[in-house]
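Worksheet for the structure shown next.
The values are calculated or read from the model by the stated rules, or taken from the named source; none is laboratory data. All values derive from a computational prediction rather than experimental measurement. With ideal geometry, Cβ positions are generated from the backbone for all residues, glycine too; neighbour counts draw on all protein chains shown. These area figures cover heavy atoms from the full protein model, side chains too; ligands, DNA and RNA do not enter into them. Shrake-Rupley method; radii C 1.70, N 1.55, O 1.52, S 1.80 Å.
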Amino acid sequence: ADQDAAVAAGSLSPFVLAFTDRDTLYAALETLLPIADAGERRTIEYTLSGAELRPMQAFLDQFWTVRQPADPEGAWLEYRREVGIADFEYGSCPNREGHETDMGWILLRYGRPNTIVQRHNGTQYSPYEIWHYHKAGQFNNRRFLFYTPQVVGECFELLHSDHPQELRNADWLDILKTRELGHSASETSINQLGRRDTCSREEPEDLFFNPR
């Protein structure tokens, strides 16, 4: 209703009216998905996917006006810079922009982690990273574990987090121990809980719960 009223009143912000191509604007709206709430995500994915230009402009205007009434354009431009960083750092994945990857999504939603543990090589486990946040949204002391089940160079996927609103996987340690070696982890010595990560000499489980 607020968006309809804004359209009727012709009061949309200049930065919104600068979008004159429907496809370009919808691509911009999709970049908002990591920080949108559930209702906003549904609107972007199902309602605006077939909408005309004007309702999409109204949505973008309302999205940032609610979040930053004093300077919606400044908030939008700052977020666009963060999207550019995500695209630059994680844009090597096939058929996906950086902001569409799991790492890009978490970066945009929660900002940069306070610490990052990287174990890409020299490990008996699949390559992995652990991101630790002192504060992620409304929750303190949260962790995100990404891994690539194949080899380094593939896209890192979110395997597990202790954040209540993100993916939780009780079997994450067992999955991390499984590599593409032609047999399951249960058939190898790397499935023993006492085996250490040969790179760090520490278990991924220890690194997850005690980040440094």
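Below are the figures for this structure:
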{"read-out": "Three-way shape label, the range 3-83, alpha-carbon gyration tensor, a/c 1.5", "value": "rounded"}
{"read-out": "In nm, spacing of pseudo-spin labels at Ala27 and Ala75 (7 Å Cα→C-beta vector)", "value": "2.5"}
{"read-out": "Prolate/oblate/rounded label for the range 16-148 (Cα gyration tensor, a/c 1.5)", "value": "prolate"}
{"read-out": "For peptides 13-26, 89-102, 117-130, sequence by mean Cβ density within 10 Å, most packed first", "value": "117-130, 89-102, 13-26"}
{"read-out": "Point-to-point label distance, Arg41-Ser92, nm (Cα→Cβ direction, 7 Å offset)", "value": "2.8"}
{"read-out": "Thr115 accessible area, 1.4 Å probe, all protein chains in place, Å² to nearest 10", "value": "40"}
